[in-house]
């Protein structure tokens with residue numbers, strides 16, 4: 001098995017004249033299992049050709065996959081703060097809803113009790129307010145003790161707290177306390193949609209009792225959909241915020257949608273890939289969260305090291321080239337590439353490697369790989 005070992009290259013002698021023999025790169029302390037030495041007869045039969053990478057402006061293509069996604073703030077789980085029975089709902093998965101629209105009716109005696117508590121507290125508040133004014137007047141006239149006035153005032157303030165708390169409880173379940181009176185008490189309460197969007201999931205049925213922690217419906221706001229694209233580690237460094245790309249549904253590759261990169265994740269996952277989040281440049285109703293996408297980034301490079309595909313061999317999921325290091329002597333080197341024009345690959349920059357002055361095997365390279373594998377198996 002070919003080992004991936006870091007190598008330090010020292011370029012000692014470089015020649016570029018056509019009349020001179022092919023350049024070699026001398027390497028210090030190279031492990032023997034990374035070297036291939038051909039005999040004169042083997043070299044003649046193998047007909048290995050060498051050349052330097054060609055430096056030129058290129059447009060490389062990075063193909064990606066992903067899906068239509070929405071941010072967490074656009075995924076809404078609808079629940080109800082007080083337990084109760086679902087009395088009515090017209091929703092089906094896919095139903096469009098508008099913000100504020102009644103999407104369900106809940107029913108329970110606890111709603112009646114809450115309204116009763118509020119109205120009774122409010123009535124007592126009116127009584128206490130009058131009593132406070134009366135006790136204050138008597139206290140000022142020394143007709144009653146200040147302690148009596150303070151007790152009534154304390155009860156009045158406690159009642160204020162109770163009413164404020166009950167008001168907020170009513171607002172939580174959608175009842176306006178300012179409009180509540182004895183004739184408006186109801187055992188049912190409407191559930192309203194918090195967003196413009198559509199229903200993705202229904203977890204309840206009419207007649208079912210729902211606890212406060214239960215999710216009744218799941219809604220999504222499609223206005224903020226984006227493309228979450230998976231980019232492999234070797235290509236991730238090319239992607240920048242603001243770059244443009246085109247994506248398409250996996251089953252409709254002919255219909256493309258322009259997108260722009262808005263965010264790249266700061267980590268690589270266990271599959272050696274990272275996520276790139278892109279905004280759709282045009283609003284469309286054709287795309288729904290969860291749909292699979294394919295896409296392509298076009299990367300413009302003013303100068304890149306380009307080689308023929310035959311110069312790169314693949315073994316156990318990795319890519320390699322063979323560097324000429326002596327007379328019919330080659331060393332294997334792991335590399336990362338990006339597709340360029342048809343039949344061409346771009347070699348990504350590597351620390352310690354000067355591609356402009358490095359001679360590579362560019363033809364019949366697979367023969368060198370075969371000899372290296374045989375050598376390691378012996």
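The values are calculated or read from the model by the stated rules, or taken from the named source; none is laboratory data. Keep in mind that this is a model prediction, so the values were computed, not measured. Counting neighbours? That spans all protein chains shown, and the Cβs are built from the backbone with ideal geometry, glycine included.
The rows are residues; the columns are (1) out of contact with any strand residue (DSSP E or B) (no Cβ under 7 Å at 6 or more places or on another chain); (2) in the same structural domain as residue 283 (by TED's automatic domain parsing); (3) farther than 24 Å from residue 167 by Cβ.
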position	(1), (2), (3)
67	no, yes, yes
82	yes, no, no
89	no, no, yes
101	no, no, yes
117	yes, no, no
127	yes, no, no
133	yes, no, no
148	yes, no, yes
Please go through region 241-266 and pick out each residue that is surrounded by 11 or more Cβ atoms within 10 Å (Cβ to Cβ) and part of a loop (DSSP other than H, G, I, E, B). 241, 243, 250, 265
Say we look at region 325-346 and pick out the residues that are touching a helix residue (DSSP H, G or I) at 6+ places or on another chain (Cβ under 6 Å) and not in a strand (DSSP E or B); which of these is surrounded by the fewest Cβ atoms within 10 Å (Cβ to Cβ)? 343
Given (1) in contact with a helix residue (DSSP H, G or I) (Cβ under 6 Å, 6 or more places away or on another chain); (2) in contact (Cβ under 8 Å) with a residue 24 or more places away in the chain; (3) within 30 Å of residue 178 (Cβ to Cβ), where does residue 135 come up short, assuming only one miss? (2)
Flag for residue 114 being exposed (fewer than 14 other Cβ atoms within 10 Å of the Cβ) and within 50 Å of the chain's Cα centre (by Cα): no
Residues of region 168-196 satisfying the condition of being in contact with a strand residue (DSSP E or B) (Cβ under 8 Å, 6 or more places away or on another chain) and at negative phi: 173, 175, 187, 188, 189, 190, 191, 192, 193, 194, 195, 196
Going through region 36-68 in order, the residues found to be crowded, with 18+ Cβ neighbours inside 10 Å, part of a strand (DSSP E or B) and over 37 Å from the mean Cα position of the chain (by Cα) are 36, 50
Exactly one of 205, 183 is out of contact with any helix residue (DSSP H, G or I) (no Cβ under 8 Å at 6 or more places or on another chain) and part of a helix (DSSP H, G or I), and that residue is 183
Extreme residue, nearest to the chain's Cα centre (by Cα), among residues of region 267-300 that are at pLDDT below 90, in a strand (DSSP E or B) and surrounded by fewer than 17 Cβ atoms within 10 Å (Cβ to Cβ): 298
